Amino acid sequence: MTDKDVMDKFFNIFKVGRLYGPYTPKEKRLDGEDRKDFWLWQCWQPSEVNGFLKNLLPYFGERRAAKTIEALSYENIS
C-alpha cells in the first residue's frame, strides 16, 4: 500500500501484526517514472491471525467465510 495514512489507520484499528516501511521500489514504472514508496503489514502469530479473521468474518461472503472457518478449524486456533 502506498498510502501511509490508510495503513496507519488500519494498523490502529486492528492492533495486531506489524507495519513495515517505507520501502522504495528499485524498478521504475513503464513510463520511466519512479514508483511510490510503500508500506507492508504482516500478521503471523496464530492468536493474532485468529482474532483478525474473526473480526473480518461477518464481512466475508459465503465462500470466503466457509474457507475462513475451515482454516480456523484446521489450525485448531478457533
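Can you compute the charge dipole magnitude of the chain about its Cα centre, using +1 on each Lys and Arg Cβ and -1 on each Asp and Glu Cβ, nothing else charged? Give it in debye, rounded to the nearest 20. Intermediate values should be presented prior to the final figure.
Numbers: 13 positive and 12 negative charges, 17 e Å.
So the dipole magnitude of the chain works out to roughly 80 debye.
Only lysine pairs 8 or more places apart or on separate chains count here, and in the chain those with Cα atoms under 26 Å apart total 13. For the chain, the longest principal axis of the C-alpha atoms and the axis of helix 62-75 are separated by about 70°.
Where does helix 4-14 land angle-wise versus the long Cα axis of the chain, in degrees 0 to 90, nearest 10? Helix 4-14 sits roughly 10 degrees off the main axis of the chain. Computed over neighbours whose Cβ is under 13 Å from that of Leu57, the net charge equals +2, Lys and Arg +1, Asp and Glu -1.
Quick note: the coordinates plus some simple rules give every number you see, no bench work behind them. Please read all numbers here as calculations on a predicted model, not as lab measurements. Note: ideal-geometry Cβ built from the backbone for every residue, glycine included; neighbour counts use all protein chains shown.
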